[in-house]
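A.B. asks: This structure is in structure tokens; I'll ask about it shortly.
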Amino acid sequence: MSFSQRLKEDFTTTTIVLIAIAIVINMTVGQVVSMLKLPIFLDSIGTVLVGLLAGPIAGGLTGLLTNLIWGMITSPVAAAFSPVALAIGVAAGLCARYGLFKTWWLAIIAGVIITFFNAVVAVPIRLYMFGGITGSGADFMTSYMLALGKDLFGSVVVTVFTSNLIDKVATALIAWAIVKALPERTTDRMPQAKYVVSAA
Amino acid sequence: MTIRIKNISFSYPDGSRALHNLSLTIETGECVAITGHNGSGKTTLVKHLNGLLKPDNGDVLVNDSNTKACKTGQLARQVALLFQNPDDQICKQTVRDEIAFGPKNLGFEKDKINLLVEVSLALFDLVQYKNHNPHDLGYSERKRTAMASIVAMDSPVLIFDEPTAGLDHLEIELLLKVFEKLQRENKTIIVISHDVDFIAENMDRTITLANGEKIFDGPVRNLFQDDSLLARCGLLAPQMVQLSKSCKLPSAALSPQEFISLVQD
Amino acid sequence: MLFIDRPGWLHKLHPFTKLVLLLLSAALAYLTGLSIGSLSLLLAACLLLIISGGIFSVSAKMVIRIFLPLILFMVPIHGLLNPANTTEIFSFHGIVFYREGLFFALKTLMQLGVVISASLAFVFTTHPADLITAVSHASGSISIGYLLGFPLLLLESMRERVVTIQNAQRARGLEIDGNIFRRFTSLGPLLFPLLIGSIVGIEQRSIALEVRGFKIHGPKTSLRLVPDSLLQKLSRRLMLTLAVILPMLHFFR
């Protein structure tokens, strides 16, 4: 099967609606998190969910489109990080395909792997486009590492990894719990959910 | 458990006026309907009773304590409120856990929680589903699960927003039986509803809102016999009332039984 | 939505023309090794674009919002701590600022300035619906238009749903304040109804789309027309070519 044929196969109407809904989920969970004043973002929960339910390509597309739409409606800076969101979705989909979302503790490992993918894409953008600084609280971490004598690259790597680790592990755990809680008639229609729920 | 509302007004942050200079008192053990057209302020009003909203002016006193000084979490012990859509609240993976959610939040002892959950399961005919995932069940079961989760909180005042929406007549009868039981326990029941037939047949007192103001508060019969009042509220008379009028009966019947006895007279 | 409905010449351009312009300015700013002097010229050109497009005041507000925190962090962090720092410029109560770091900060800020002002020239003058129409038209696929448009339509009702769920759970005694552990445990009851409810509802929505002929292949008609012109098509080609060739010239020189 050619790549474009695979795409058509994978992208049923259900998958397309799932992606659209997940984009809105990404954009609204921030509201819940700030309501509870929690130190995490969870803004890629929809992306990770699509990765688990519909595979890496759909997951990546969800992340990419979320940040592009954010860029259109809030601030163009979000669009600059759309490749990062894409990487998160792809990573989540791959982790699910290789059975890393079967139990809660595997989901924690998947969260760490997603953090790694996130860093691989986010570090170059932060470093080369923004000179390592994005004007947020995470910059304190970067300056601390610089003050310790690390080079700019090392400081940005440490900052990106630590500021995302808790968030991505929490995201992976919640996504795992959601997929487990979905009724069978819904997961049956999702092309990739079997990799997650079959262990149950 | 008396609820006193004194001259409250409320506007949403976008400036739209939702309630205006509204006062009423609901005594222990009453069974009250709140009705009115869409956007008349019904849901806004009941959100004031458990502190989800605080009035801009005026006071809401639940059991003599002002809601301005209380958190919703504490007020839930006094006033339980069920929202329209069960899917806005279902967050647990079994019907049983979902019903236990409220009592657990209120910090009841384990034995008491178990007892309340079992009683509510039985009341709403959900015993056979207690270990099912609510999302695997149909709308009616989910709605009943949501209602059971509110009843299990054992609060002296229970508010139901559109409880009959999406239920068939057997399920409505079940709900009425639950209401009867709650009334025997001297609990206050407040029902928000558009369903004029349901109100006419089952409620004593009705409070009617239009554009955020109270325009009627009294026996159901007085409201439904007054055409000009109904028009002001944007409501249609119940079927039995309309039927009694077209049959030129001496008074309006509120239920089929009443209609039959009037015709026989 | 950032779009400003105040017709100017930028508003009349095809969305793709503005996107390619954005691409070209990003390529120039980052990939052609421009000096500070040339960067200022490029920045001035962007400024001219924004002023002539009639979006200066909104853009200025946005630029301040984005750049104020960036400058506040960028200048001291690089000025004081950049590993390449060797040449002192001035010291203030024993805090020493260095030339290399400040220079690096200035250059980065200018590069960002180019990209962000070109982005603003796009987002303030392009209605999302026009972009969606243009993308659907060019890709011949209605799905991509749906993916871009549907989230915008649904956003408001989903935000309201977040508030309703919060109300419903608080009415059942859920505390949303308290210590951090408690607040973390409140996350489930607030997120699960939102996420599970929306995912379960997908089946219904996809059926609704399919019965309305969503997956039928072939040309679709659109109510919205996005005007394009030969001049714009040609200038897009030219700008794309420049965006590829100029960086390559720089790298192989």
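Please treat every number below as a calculation from the coordinates, not as lab data. Computed from a prediction, not measured in an experiment: that's the story for all the values here. Note that each Cβ is placed from the backbone with ideal geometry, even for glycine, and that neighbours are counted across all protein chains shown.
A.B. asks: Amide H of B:PHE216 versus every other amide H placed in the peptide plane: which residues, excluding those fewer than 5 positions away on the same chain, fall under 5 Å?
C.D. replies: So B:PHE216 has HN proximity to B:THR208.
A.B. asks: Say R0 is 56 Å: what FRET efficiency, to the nearest 0.05, do C:ILE36 and C:PHE184 get from their beta-carbon distance? If you can, show how the numbers build up before the last one.
C.D. replies: Details: r = 48 Å, r/R0 = 0.85.
After rounding, the FRET efficiency stands at 0.70.
A.B. asks: With only Lys, Arg, Asp and Glu charged, each at its Cβ (+1 for the first two, -1 for the last two), find how big the charge dipole of region C:141-211 is about the Cα centre; round to the nearest 20 debye.
C.D. replies: On the way: 7 positive and 6 negative charges, 53 e Å.
I would put it at about 260 debye.
A.B. asks: Calculate for the protein assembly as shown the 222 nm mean residue ellipticity that helices alone would give, adding -39,500 (n - 2.57) per DSSP H run of length 4 or more and normalising by residue count, nearest 500 deg cm²/dmol.
C.D. replies: On the way: 33 runs with 434 residues, N = 718.
Value at 222 nm, helices only, nearest 500: -19000 deg cm²/dmol.
A.B. asks: Among the complete DSSP H segments of chain C, which ones combine at least 20 Å of alpha-carbon extent along their axis with a mean Kyte-Doolittle hydropathy of -0.5 or more? Spell out each step's value before the answer.
C.D. replies: Numbers: long enough: C:15-31 (23 Å, 1.81); C:36-52 (24 Å, 2.55); C:56-81 (35 Å, 1.80); C:99-123 (35 Å, 1.33); C:142-170 (41 Å, 0.49); C:230-252 (33 Å, 1.20).
Qualifying helices: C:15-31, C:36-52, C:56-81, C:99-123, C:142-170, C:230-252.
A.B. asks: Starting from the amide H of B:ILE34, placed 1.01 Å from N in the peptide plane, find each other amide H under 5 Å away whose residue is 5 or more places distant or on another chain.
C.D. replies: B:VAL191, B:ILE192, B:SER193, B:ILE207
A.B. asks: Once you put a point 7 Å from the Cα of C:PHE92 and another 7 Å from the Cα of A:GLN31, both along the Cβ direction, what distance in nm separates them?
C.D. replies: The answer from the label model is 4.2 nm.
A.B. asks: May I ask you to list the lysines whose Cα is less than 28 Å away from that of C:LYS18, ignoring any residue fewer than eight positions away on the same chain?
C.D. replies: Leaving aside lysines fewer than 8 places away in the same chain, those within reach of C:LYS18 are C:LYS61, C:LYS107, C:LYS220, C:LYS233.
A.B. asks: Strictly over 25 Å apart at the Cα level, which of B:LYS68/B:LYS187; B:LYS47/B:LYS104; A:LYS37/B:LYS187 would you flag in this model?
C.D. replies: Long pairs (Cα-Cα over 25 Å): A:LYS37/B:LYS187.
A.B. asks: Do any GluC sites (Glu not before Pro) in region B:88-148 lie in a DSSP loop with no more than 10 other beta carbon atoms within 10 Å, and if so, which?
C.D. replies: Working: sites: B:GLU98, B:GLU109, B:GLU118, B:GLU141; in loops: B:GLU109.
Counting only loop positions with at most 10 other Cβ atoms within 10 Å, the GluC sites (Glu not before Pro) in region B:88-148 are B:GLU109.
A.B. asks: Just want the answer: with Cβ charges of +1 for Lys and Arg and -1 for Asp and Glu, which residue in A:PHE41, A:ASN118, A:ILE108 is farthest toward the dipole's positive end in chain A?
C.D. replies: A:ILE108
A.B. asks: Further question on the same structure: Once fully extended, how much extra length lies between B:ASN114 and B:ASP14, figured as 0.36 nm per residue of separation less the alpha-carbon to alpha-carbon distance?
C.D. replies: Working: separation 100, 0.36 × 100 = 36.00 nm, distance 4.35 nm.
Stretched out fully, the B:ASN114 to B:ASP14 stretch lengthens by 31.6 nm.
A.B. asks: Which one of A:ILE73, A:GLY30, A:GLY154 is farthest out on the positive end of the charge dipole of region A:3-197, using unit charges on Cβ (Lys, Arg +1; Asp, Glu -1) and the Cα centre as origin?
C.D. replies: Working it through, the farthest residue towards the positive pole turns out to be A:GLY30.
A.B. asks: Would you mind checking which residues have amide H under 5 Å from B:LEU53's amide H? H placed 1.01 Å from N; only 5 or more apart, or other chain.
C.D. replies: Under 5 Å from the amide H of B:LEU53 lie the amide H atoms of B:HIS48, each far enough along the sequence or on another chain.
A.B. asks: May I have the pair-distance distribution P(r) for region B:135-265, computed from all Cα-Cα distances with 10 Å bins from 0 and rounded to whole percent?
C.D. replies: That works out to 11, 37, 33, 17, 3, 0, in percent per bin.
A.B. asks: On C-alpha positions alone, give me the angle between the axis of helix A:138-147 and the longest principal axis of chain A, in degrees, nearest 10.
C.D. replies: In chain A, helix A:138-147 runs at an angle near 50 degrees to the longest axis.
A.B. asks: Further, regarding this structure: Can you give the net charge of the other residues whose Cβ lies under 13 Å from the Cβ of B:ARG17, counting K and R as +1 and D and E as -1?
C.D. replies: Values: positive: none; negative: B:ASP14, B:ASP56, B:GLU213.
Overall, the nearby charge balance is -3.
A.B. asks: While we're here: Would you mind checking region B:195-209 for residues with the amide N under 13 Å from a putative spin-label position 7 Å along Cα→C-beta of B:CYS247?
C.D. replies: Hits in region B:195-209 for B:CYS247 at 13 Å: none.
A.B. asks: I want to check the label-to-label distance for B:VAL127 and B:ASN222. Put each point 7 Å from Cα in the C-beta direction and report it in nm to one decimal.
C.D. replies: For the pair B:VAL127/B:ASN222, the computed spacing is 4.4 nm.
A.B. asks: HN-Hα J couplings of region B:86-99 from phi, Karplus 6.51/-1.76/1.60, θ = phi - 60°, integer Hz, Gly and Pro as x?
C.D. replies: Result, ordered by residue: x, 6, 7, 10, 5, 9, 10, 9, 10, 4, 4, 5, 4, 6 Hz.
A.B. asks: Then there's this: In debye, nearest 20, what is the charge dipole magnitude of the protein assembly as shown about its Cα centre with +1 on Lys and Arg Cβ and -1 on Asp and Glu Cβ, if you could check? Could you put the intermediate results ahead of the total?
C.D. replies: Values: 62 positive and 53 negative charges, 432 e Å.
About 2080 debye.
A.B. asks: Still on this model: Considering only the other residues whose Cβ falls under 10 Å of the Cβ of A:THR115, what net charge follows from Lys and Arg at +1 and Asp and Glu at -1? Walk me through the intermediate numbers first.
C.D. replies: On the way: positive: A:LYS168; negative: A:ASP167.
Counting the neighbours of A:THR115, the net charge comes to 0.
A.B. asks: If you stretched the chain out fully between C:GLU160 and C:GLU203, how much longer would it get, using 0.36 nm times the residue separation minus the C-alpha to C-alpha distance? Walk me through the intermediate numbers first.
C.D. replies: Values: separation 43, 0.36 × 43 = 15.48 nm, distance 2.17 nm.
Computed gain between C:GLU160 and C:GLU203 is 13.3 nm.
A.B. asks: Let me know the mean shielding of C:177-188 by other chains, meaning the per-residue number of their Cβ atoms within 10 Å of its Cβ. If you can, show how the numbers build up before the last one.
C.D. replies: Details: counts 5, 2, 0, 4, 0, 1, 6, 5, 1, 5, 10, 6.
Other-chain Cβ atoms within 10 Å of each residue's Cβ, averaged: 4.
A.B. asks: How many Cβ atoms of partner chains, on average, are near each residue of C:78-84 if near means within 10 Å of its Cβ?
C.D. replies: On the way: counts 6, 0, 3, 11, 5, 8, 2.
Per-residue shielding by partner chains comes out at 5.
A.B. asks: Quick one: net charge of C:ARG99's neighbours, Cβ under 13 Å, K/R +1, D/E -1?
C.D. replies: Values: positive: C:LYS107; negative: C:GLU88, C:GLU100.
Counting the neighbours of C:ARG99, the net charge comes to -1.
A.B. asks: Here's something else I'd like to know. Compute the projected area of the convex hull of the Cα atoms of the protein assembly as shown, averaged over all viewing directions, and report it in nm² to one decimal place. Before the final figure, lay out each step's value.
C.D. replies: Numbers: hull surface 158.2 nm².
Average of the hull's projected areas for the protein assembly as shown equals 39.6 nm².
A.B. asks: In whole Å, what are the extents of region A:3-197 along the principal axes defined by its C-alpha atoms, from largest to smallest?
C.D. replies: Here the Cα extents, ordered largest to smallest, are 54, 37, 36 Å.
A.B. asks: Shielding of C:70-77 by partners, i.e. mean partner chain Cβ atoms within 10 Å per residue? Walk me through the numbers before you get to the answer.
C.D. replies: Details: counts 8, 2, 3, 13, 7, 1, 3, 11.
Partner-chain Cβ atoms within 10 Å, mean over residues of C:70-77: 6.
A.B. asks: Determine how many Å³ per residue the convex hull of the Cα atoms of region B:206-258 encloses. List each step's numbers first, then the result.
C.D. replies: Values: hull volume 3.8 nm³, N = 53.
Cα convex hull per residue, to the nearest whole number: 73 Å³.
A.B. asks: Working from the pairwise distances between different alpha carbons, so that the mean of 1/r is found and then inverted, what is region B:89-154's Kirkwood radius in Å? Don't jump to the answer; show the numbers that get you there.
C.D. replies: On the way: mean 1/r = 0.0889 Å⁻¹.
Evaluated on region B:89-154, it is 11.2 Å.
A.B. asks: Then there's this: Report the residue, chosen from C:PHE122, C:PHE16, C:PHE181, that carries the largest GNM mean-square fluctuation when chain C is represented by alpha-carbon nodes joined by springs under 10 Å.
C.D. replies: C:PHE181
A.B. asks: Also, quick follow-up: Nearest 10 degrees, 0 to 90: what angle lies between the long axis of helix A:13-35 and the longest principal axis of chain A (Cα atoms)?
C.D. replies: 40 degrees
A.B. asks: Quickly work out the C:ALA45-to-B:GLN183 label distance, labels modelled 7 Å from Cα along the C-beta direction, and quote it in nm with one decimal.
C.D. replies: Label-label distance for B:GLN183 and C:ALA45, simple model: 8.1 nm.
A.B. asks: A follow-up question, please. Using every alpha carbon pair in chain B, what percent of pairs falls into each 5 Å bin from 0 up to the bin containing the largest distance?
C.D. replies: 1, 6, 12, 16, 18, 16, 13, 9, 6, 2, 1, 0
A.B. asks: Please compute the contact order of region B:53-194 in relative form: average sequence separation of alpha-carbon pairs under 8 Å and at least six residues apart, divided by the residue count, as a percent. Show your work: numbers first, answer last.
C.D. replies: Values: 187 pairs, mean separation 40.6, N = 142.
Here the relative contact order equals 29 percent.
A.B. asks: For region B:1-120, what relative contact order do you get, as a whole percent, if you take Cα pairs closer than 8 Å and at least 6 residues apart? Provide the component values of the computation, followed by the final result.
C.D. replies: On the way: 144 pairs, mean separation 26.9, N = 120.
Rounded, it is 22 percent for region B:1-120.
A.B. asks: Using the Cα centre of the protein assembly as shown as origin and beta-carbon charges of +1 (Lys, Arg) and -1 (Asp, Glu), tell me which of C:MET62, B:THR208, B:SER246 is placed farthest towards the positive end of the dipole.
C.D. replies: Farthest along the dipole direction, towards plus: C:MET62.
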